[in-house]
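Enquirer: Have a look at this one before I ask anything.
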Amino acid sequence: MSVWSDVVGQPAAVEELDHAARNPSAMTHAWLFTGPPGSGRSVAARAFAAALECPESGCGECQACRTIMAGTNADVREVVPEGLSISVAEMRALVQLAARRPSTGRYQILIITDADRLTEGASNALLKAVEEPAPQTVFLLCAPSDHPEDVPVTIRSRCRLVPLRTPVPEAVAEVLVERDGIDPETAAWAASVSGGHVGRARRLARDPEARERRERILGVPLKLRNLGDAFAFADTLVRSAEAEAADVSGTRDAAEREELSIAMGAGGTGKGAAAAARGAKAAERELERRQKSRATRTQRDALDRALVDLAGFFRDVLVAGSSAQVALGNPDRDADVRLAAREWTPESTLRRLEAVLACRDALELNVKPRIAVEAMMTSLHTG
């Protein structure tokens, strides 16, 4: 099975990338994959990396293809930011590694899955490497768009653009059935409510808790009867995101602290034990900083998923209220959507949608989640 089978609903992009992998004259050293969430930017970049290293340009069966798709290939490094941003120190270290000669394949490949999270210093460090690349180094950047707010113009101008689109529900459902073994009915439902986001569709199809969270958040708009409800729902939403972040981070944080303790000589009795213990303090503080940043990112991602669901609901209300011949993003909530369309004016619905989008913006600007969510819920109540 070819590596391109993982890239869902992107025939034009696959054709372009496959041609470049098979024809060195069509290659360039820097690529920028853009597209909305769920379009498969990082999956396409990983498949392209496998095709570049594969002797048969992406057979999917050789060692290079298997290790790259699994994330264990020595010549392909993938940057997946766990915190709020990618620091300049991290980027400098990665750029230095990427400049080395490949150990087994044709290229050293650096994949940056969220290039829009690069700090200014990290962008400058990457720009220098992209301007003067090593002969066998390839940079694959992924971002929501090529807008200057996502990717600096100086970096964008040195990359070849690969625009991706949102896959249609039928393509998403087909992947869930054929690749994940999900029954066709569940796959069709998950694909229809995921907005073309393959990862979200897979999560909804597999995880009962994810389905329950979605049901709870989509039930909120019609249950907001007074300000007390607004603050109660805000509290529930924030607590749920905090609990999800704690579940994700708890076990991993403990394992990382134990590994660091062992690496720094915990329990040692030799002459250097005291000096090692003093040196461990700085390492422990750095680890705590990274873990705190990761927990914050996880909590905000959980909140953002809920906000995307809410925004989709209000979008559906606008569609139903205007009698537009457009498919609903949440077809399983058709009754609630049409009830809301009868009760609210289009202007009121639009104000509610804008409140959700404003909450997302506030979270990106580091406003405390509880304050941002309470402000949003108050606006949803007043309309």
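Enquirer: Could you list all residues from region 52-98 that are open to solvent by 60 Å² or more (accessible area, probe 1.4 Å), farther than 23 Å from Glu364 by Cβ and assigned to a loop (DSSP other than H, G, I, E, B)?
Expert: Selection gives Pro55, Glu56, Glu61, Thr72, Ala74.
Enquirer: Sort out which residues of region 9-26 are touching a helix residue (DSSP H, G or I) at 6+ places or on another chain (Cβ under 7 Å) and in contact (Cβ under 8 Å) with a residue 40 or more places away in the chain, and write them in order of number.
Expert: Our first condition is that a residue be touching a helix residue (DSSP H, G or I) at 6+ places or on another chain (Cβ under 7 Å); within region 9-26, this holds for 9-10, 13-14, 17-21, 26.
Across region 9-26, the qualifying residues are Gly9, Gln10, Ala13, Leu17, Asp18.
Enquirer: Report, ordered by the first and then the second residue, all pairs with beta carbons closer than 9 Å, sequence separation of six or more or different chains, a first member in region 297-309 that is open to solvent by less than 50 Å² (accessible area, probe 1.4 Å) and modelled with pLDDT under 85, and a second member that is not in a helix (DSSP H, G or I) and not hydroxyl-bearing (Ser, Thr, Tyr).
Expert: Arg297/Pro81; Arg297/Glu82; Arg297/Gly83; Arg297/Leu84; Thr298/Glu82
Enquirer: Ok, one more. Quick check on region 132-141. Is at least one of its residues within 24 Å of Pro11 (Cβ to Cβ), part of a strand (DSSP E or B) and in contact with a His (Cβ under 9 Å, 6 or more places away or on another chain)? I'd like the intermediate steps shown before the answer.
Expert: Pass one, region 132-141, residues within 24 Å of Pro11 (Cβ to Cβ): 138, 140-141.
Next, from what is left, pick out any that are part of a strand (DSSP E or B): 138, 140-141.
Applying the additional criterion that residues be in contact with a His (Cβ under 9 Å, 6 or more places away or on another chain) yields 138.
Yes: one or more hits.
Enquirer: Looking for whichever is open to solvent by 60 Å² or more (accessible area, probe 1.4 Å) and at pLDDT 75 or above here; the options are Arg239, Arg289, Arg257. Which one fits?
Expert: On the way: Arg289 fails: at pLDDT 75 or above; Arg257 fails: at pLDDT 75 or above.
Checking each option against the conditions leaves just Arg239.
Enquirer: Next question. Would you please list the contacts, defined by Cβ atoms under 9 Å and residues six or more apart or on different chains, that run from a residue in region 73-97 that is closer than 14 Å to Thr119 by Cβ to a residue that is open to solvent by 50 Å² or more (accessible area, probe 1.4 Å) and assigned to a loop (DSSP other than H, G, I, E, B)?
Expert: Leu84/Asn366
Enquirer: Right, something else. Going by the conditions given, is Asp114 open to solvent by less than 50 Å² (accessible area, probe 1.4 Å), more than 25 Å from Pro36 (Cβ to Cβ), without any contact (Cβ under 8 Å) to a residue 60 or more places away in the chain and not aromatic (Phe, Trp, Tyr)? Before you say what the answer is, go through the steps one by one.
Expert: On the way: open to solvent by less than 50 Å² (accessible area, probe 1.4 Å): yes; more than 25 Å from Pro36 (Cβ to Cβ): no; without any contact (Cβ under 8 Å) to a residue 60 or more places away in the chain: yes; not aromatic (Phe, Trp, Tyr): yes.
Taking the combined requirement at face value, the residue does not satisfy it.
Enquirer: Can you tell me which condition Ile155 does not meet? The list is (1) touching a Ser or Thr at 6+ places or on another chain (Cβ under 7 Å); (2) open to solvent by less than 20 Å² (accessible area, probe 1.4 Å); (3) hydrophobic (A, V, I, L, M, F, W, C); (4) part of a strand (DSSP E or B), and all the others hold.
Expert: It is condition (4) that Ile155 fails.
The values are calculated or read from the model by the stated rules, or taken from the named source; none is laboratory data. For clarity, every value in this text was computed on a predicted model and none was experimentally measured. So basically every Cβ, Gly included, is an ideal-geometry build from the backbone, and we count neighbours across all protein chains shown. With ligands, DNA and RNA removed, areas are computed over all heavy atoms of the protein, side chains included. Shrake-Rupley method; radii C 1.70, N 1.55, O 1.52, S 1.80 Å.
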